[in-house]
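Colleague: Here it is, the structure in full.
The values are calculated or read from the model by the stated rules, or taken from the named source; none is laboratory data. Every value quoted in this text rests on a predicted model; they were computed, and no experiment measured them. Note that we place each Cβ from the backbone using ideal geometry, even for glycine, and neighbour counts take in every protein chain shown. Ligands, DNA and RNA are stripped out before the accessible areas are found, and what is left, the full protein with its side chains, is counted by its heavy atoms. Shrake-Rupley method; radii C 1.70, N 1.55, O 1.52, S 1.80 Å.
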Amino acid sequence: MQKLPAAALLIATLTSGCGGGAPAPAVASATPAPAPSPAPTPAPPPVGHDFVAMKLGDWPVELRLPPGSTIEPDPDESVRLNITTPATCGENIRVDRLRPGEMEGAYRGAKRDPGELTKNYVLQLDRRTDDGFEVKVSYDKPNGETLGVVELARKIGDYEYFCGGTTTYGDSFMGMPARAVDCVYAACASLRGL
């Protein structure tokens, strides 16, 4: 007698006898991993901002920025551009260009809770896309001030581009005023190749 695998034996047992109805449908044994969502369309500028497209130095990419923004290379980092925005935006922006391989660590770091000196940590946006990620976070400082963090990454051509708000410490996770989050997010979400 030929031995049947346990699953086939169970199906054969259920379909024979008991009126001979239609065989039970097979059930998949593994759940497929969710596919990344396609790159979203750029966020519209916040109310009160008419953004303009600006090429980022000699890099083959552009951002849509508030008029009056200036783009300068970082004197200490050849792979970084600092963007000064007008007071209407309220926060400066940093864009880093790196060779592939940094994105996964940056994604984990963007979502990290800043720790015991903060409260009310909220991960407002956690989106993986075919070409990168988008993260928005808010948290309260001990003095009650609400800060925001915006971190986006895109793989464009041979490079990975990281975009976020900056502070005087040059660390976007130090947070930015909540009023600047929408402006920085809209600018960074507009990052695209030329």
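Colleague: With respect to the numbered conditions (1) part of a strand (DSSP E or B); (2) open to solvent by less than 40 Å² (accessible area, probe 1.4 Å); (3) modelled with pLDDT under 90, which one is the sole condition not fulfilled by D96?
Modeller: Only one criterion in (1) part of a strand (DSSP E or B); (2) open to solvent by less than 40 Å² (accessible area, probe 1.4 Å); (3) modelled with pLDDT under 90 is unmet by D96, namely (3).
Colleague: Counting just the residues of the stretch 128-143 that are open to solvent by 80 Å² or more (accessible area, probe 1.4 Å) and in a loop (DSSP other than H, G, I, E, B), which one comes out modelled with the highest pLDDT?
Modeller: D130
Colleague: Which one of these does P38 not meet: (1) in contact with a strand residue (DSSP E or B) (Cβ under 7 Å, 6 or more places away or on another chain); (2) over 14 Å from S190 (Cβ atoms); (3) open to solvent by less than 80 Å² (accessible area, probe 1.4 Å); (4) modelled with pLDDT under 80?
Modeller: (3)
Residues checked against (1) assigned to a strand (DSSP E or B); (2) farther than 16 Å from Y161 by Cβ:
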{"residue": "D58", "(1), (2)": "no, no"}
{"residue": "L63", "(1), (2)": "yes, no"}
{"residue": "G68", "(1), (2)": "no, yes"}
{"residue": "P73", "(1), (2)": "yes, no"}
{"residue": "S78", "(1), (2)": "yes, no"}
{"residue": "I83", "(1), (2)": "yes, no"}
{"residue": "A106", "(1), (2)": "no, no"}
{"residue": "D113", "(1), (2)": "no, yes"}
{"residue": "D126", "(1), (2)": "yes, yes"}
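Colleague: So, one more: Test each condition in (1) at pLDDT below 85; (2) open to solvent by 70 Å² or more (accessible area, probe 1.4 Å); (3) touching a helix residue (DSSP H, G or I) at 6+ places or on another chain (Cβ under 8 Å) for P114 and report the one that comes out false.
Modeller: Single failed check for P114: (2).
Colleague: Still on this structure: Just give me the residues in the stretch 126-155 being free of Cβ contacts under 8 Å to residues at least 40 places away in the same chain and within 22 Å of V95 (Cα to Cα), in sequence order. Steps first, please.
Modeller: The first filter runs over the stretch 126-155 and keeps only residues free of Cβ contacts under 8 Å to residues at least 40 places away in the same chain, leaving 126, 133, 135, 137, 139-150, 152.
Within the stretch 126-155, D126, F133, V135, V137, L147, G148, V149, V150, L152 qualify.
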